[in-house]
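Peer 1: Dropping a structure here in structure tokens format, bear with me for questions.
The values are calculated or read from the model by the stated rules, or taken from the named source; none is laboratory data. Computed from a predicted structure; not experimentally measured. A quick note on method: Cβ atoms are made from the backbone with ideal geometry, for glycine too, and the neighbour counts reach across all protein chains shown. Remember, those area values only see protein heavy atoms, side chains included, never the ligands or the DNA or RNA. Shrake-Rupley method; radii C 1.70, N 1.55, O 1.52, S 1.80 Å.
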Amino acid sequence: MVSIFIFISFFISAILSILTFIQTKNKWVALLIAFCWNSVFLVGSTLIYYLCNEEAKLFGLGHTSIYVLPLFIPIISWIDFFIIELIRKYNKNVDSN
């Protein structure tokens, strides 16, 4: 279940960052949007999963795998950074910082 949330967050943040980079031609704005999406989605899904899971309420987050979701925010953002760099490298029409 946790890996599905991570994959959805990565997939949507990659699409958002690519589209934003193509429109604005600024990689930092694209990375900011990807980071904000990852933060909202992964922290929100952690909270919702925590509220629905009785085991997590009784024993805490350490006994479940929910605590991994917020830890993937910088990892997914870092991967998005490399995706944007590849797009910037291979797309000669986009000149950005």
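Peer 1: Quick check, is residue 24 at negative phi, of a type in the set (Ser, Thr, Tyr) and open to solvent by less than 60 Å² (accessible area, probe 1.4 Å)?
Peer 2: Answer is no for this residue.
Peer 1: Which members of the stretch 23-46 meet the condition of being among the hydrophobic types (A, V, I, L, M, F, W, C), over 13 Å from residue 80 (Cβ atoms) and out of contact with any helix residue (DSSP H, G or I) (no Cβ under 8 Å at 6 or more places or on another chain)?
Peer 2: 40
Peer 1: Return the only residue of 84, 66, 76, 12 being not acidic (Asp, Glu) and not in a helix (DSSP H, G or I).
Peer 2: Details: 84 fails: not in a helix (DSSP H, G or I); 76 fails: not in a helix (DSSP H, G or I); 12 fails: not in a helix (DSSP H, G or I).
The conditions single out 66.
Peer 1: One residue is enough: does the stretch 28-36 have a residue meeting the conditions at pLDDT below 95, surrounded by 12 or more Cβ atoms within 10 Å (Cβ to Cβ) and either in contact with a strand residue (DSSP E or B) (Cβ under 7 Å, 6 or more places away or on another chain) or of a type outside the set (A, V, I, L, M, F, W, C) (or both)?
Peer 2: no
Peer 1: Here is a further query. Would it be correct to say that residue 70 is without any contact (Cβ under 8 Å) to a residue 60 or more places away in the chain, in contact with a helix residue (DSSP H, G or I) (Cβ under 8 Å, 6 or more places away or on another chain) and not aliphatic (A, V, I, L, M)?
Peer 2: Numbers: without any contact (Cβ under 8 Å) to a residue 60 or more places away in the chain: yes; in contact with a helix residue (DSSP H, G or I) (Cβ under 8 Å, 6 or more places away or on another chain): yes; not aliphatic (A, V, I, L, M): yes.
Criteria met by residue 70.
Peer 1: Between residues in the stretch 36-60 that are without any contact (Cβ under 8 Å) to a residue 60 or more places away in the chain and residues that are open to solvent by less than 100 Å² (accessible area, probe 1.4 Å) and outside any helix (DSSP H, G or I), which pairs lie under 8 Å by C-beta distance while being six or more apart or on different chains?
Peer 2: Pairs found: 46/66; 49/66; 50/66; 53/64; 53/66; 55/64; 56/64; 56/66.
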